[in-house]
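Undergrad: I am attaching a structure below and will ask some questions about it afterwards.
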Amino acid sequence: MPKVYLDWNIYSYLAKGENDELYNILNQSNLILIYSIYHLSDVRKSIVKYGGINEYTRNELKTLSHLTNNRCLFREATGLVQSGIINPEEYLDSLEIQDNLINNFNLDAIFDALDAPEYQDIFDKIKQELRRIELPDILLDYNLFEGNKSNSLDDFLKFSADSYIDLTTTDSFKGMRSGFQKTGISHKSFHSNQNPLKVLAKIFEERGYGDMGETMFAFKMEKDEWFDQIVSLYLTLDFCGYRSDSINVNNRKSQTF
């Protein structure tokens, strides 16, 4: 049976009950609908915006659960893409646990998450050695965010976690994108009937980064690497201005990538 991956906005639209015909077609057809963590990312933005989950969002999750039969597409730690069965609300709860760790992301939190008190003395020695390490200045020089000027590993971990939260819950990505496009790569670099990947590869070559461009923008369907490539290339093209998404977390209608 055909597998279909619908945008979150469609599930949100169907949850309002405004298109019973489409809902019934999806509900009664032989299509296999699948959701992923990216659907829940939009839900999490809404939760952050409104300070908690509301009944409307719960109804959206129930609609998602019903139409997909809890089929979820996910990537294992090995990189293999799999489909499994998990209720979206339960998946969302697990992501909130992950967020709690990220909100206090430092060496202590990492080792506490191992939940092995019998090795505490060993962990303390490891943390002590890690805290003696000073990070190279290049990590600070090439940071895309302002604010982190510390060579401490603890501070860098916390700053990285804060940056991740900003990227997933605020408009920070849009600011980063605007800053990058000041280098001369923007929507004006692309024209119709041109392969955008070849355009970017040529720009990189002209600027003396040919090998990097060839590596970044060569798309090959090999094993399960397509999943990483599609996600990476989508963000890269958006970052460079090719058909960029509107990003406004304050809009009533989701406008996030």
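Undergrad: Do the conditions hold for PHE111, that is, is it assigned to a loop (DSSP other than H, G, I, E, B) and touching a helix residue (DSSP H, G or I) at 6+ places or on another chain (Cβ under 6 Å)?
TA: no
Undergrad: Going through the stretch 125-136 one residue at a time, which ones are loosely packed, with under 11 Cβ neighbours inside 10 Å and in a helix (DSSP H, G or I)?
TA: If the condition is that a residue be loosely packed, with under 11 Cβ neighbours inside 10 Å and in a helix (DSSP H, G or I), then LYS125, GLN128, GLU129 are the ones that fit.
Undergrad: How many of the residues in the stretch 162-209 are assigned to a loop (DSSP other than H, G, I, E, B) and without any contact (Cβ under 8 Å) to a residue 24 or more places away in the chain?
TA: The qualifying residues number 11.
Undergrad: Pull up the stretch 62-92, narrow it to residues that are loosely packed, with under 11 Cβ neighbours inside 10 Å and within 29 Å of PHE156 (Cβ to Cβ), then point me to the one that is farthest from the chain's Cα centre (by Cα).
TA: Ranking the qualifying residues of the stretch 62-92, first place goes to THR78.
Undergrad: With the condition kept exactly as written, say whether any residue in the stretch 93-107 is of a type outside the set (A, V, I, L, M), in contact with a strand residue (DSSP E or B) (Cβ under 7 Å, 6 or more places away or on another chain) and within 30 Å of ASP20 (Cα to Cα).
TA: The answer is no, given that none of the residues of the stretch 93-107 is of a type outside the set (A, V, I, L, M), in contact with a strand residue (DSSP E or B) (Cβ under 7 Å, 6 or more places away or on another chain) and within 30 Å of ASP20 (Cα to Cα).
Here is a yes/no grid of residues against (1) modelled with pLDDT of 60 or more; (2) within 26 Å of ARG75 (Cα to Cα); (3) surrounded by 14 or more Cβ atoms within 10 Å (Cβ to Cβ):
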residue	(1), (2), (3)
SER189	yes, no, yes
ARG207	yes, no, no
GLU214	yes, yes, no
PHE227	no, yes, yes
ASP238	yes, yes, yes
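Undergrad: Something else about it: Name the residue that is nearest to the chain's Cα centre (by Cα), counting only residues in the stretch 107-124 that are surrounded by fewer than 10 Cβ atoms within 10 Å (Cβ to Cβ) and among the acidic types (Asp, Glu).
TA: So, considering only residues that are surrounded by fewer than 10 Cβ atoms within 10 Å (Cβ to Cβ) and among the acidic types (Asp, Glu), the one nearest to the chain's Cα centre (by Cα) is ASP115.
Undergrad: From the list ASP20, ASP42, ASP7, exactly one residue is at pLDDT below 85 and more than 30 Å from LEU153 (Cβ to Cβ). Which is it?
TA: Exactly one of ASP20, ASP42, ASP7 is at pLDDT below 85 and more than 30 Å from LEU153 (Cβ to Cβ), namely ASP42.
Undergrad: If a residue must be hydrophobic (A, V, I, L, M, F, W, C) and either outside the structural domain of TYR23 (by TED's automatic domain parsing) or part of a loop (DSSP other than H, G, I, E, B) (or both), how many such residues does the stretch 54-91 contain?
TA: 3
Undergrad: Does the stretch 136-145 include one or more residues that are modelled with pLDDT of 75 or more and not assigned by TED's automatic domain parsing to the domain that holds GLY179?
TA: No: zero hits.
Undergrad: Okay, moving on. In the stretch 7-45, how many residues are without any contact (Cβ under 8 Å) to a residue 60 or more places away in the chain and under 20 Å from the mean Cα position of the chain (by Cα)?
TA: Qualifying residue count, the stretch 7-45: 11.
Undergrad: List, please: which pairs have Cβ atoms under 6 Å, are six or more places apart or on different chains, and start with a residue in the stretch 116-129 that is assigned by TED's automatic domain parsing to the domain that holds LEU153 and end with one that is in a helix (DSSP H, G or I) and of a type outside the set (D, E, K, R)?
TA: Taking only residues 6 or more apart or on different chains, the pairs are PHE123/PHE111; LYS127/LEU107.
Undergrad: Test ILE86 against the criterion of being touching a residue at least 12 places away in the same chain (Cβ under 8 Å) and not aromatic (Phe, Trp, Tyr), and give yes or no.
TA: Yes, satisfied.
The values are calculated or read from the model by the stated rules, or taken from the named source; none is laboratory data. Just so you know, these numbers come straight off a predicted model, no measurement behind them. In this analysis, Cβ positions are derived from the backbone assuming ideal geometry, glycine residues included, and neighbour counts consider all displayed protein chains.
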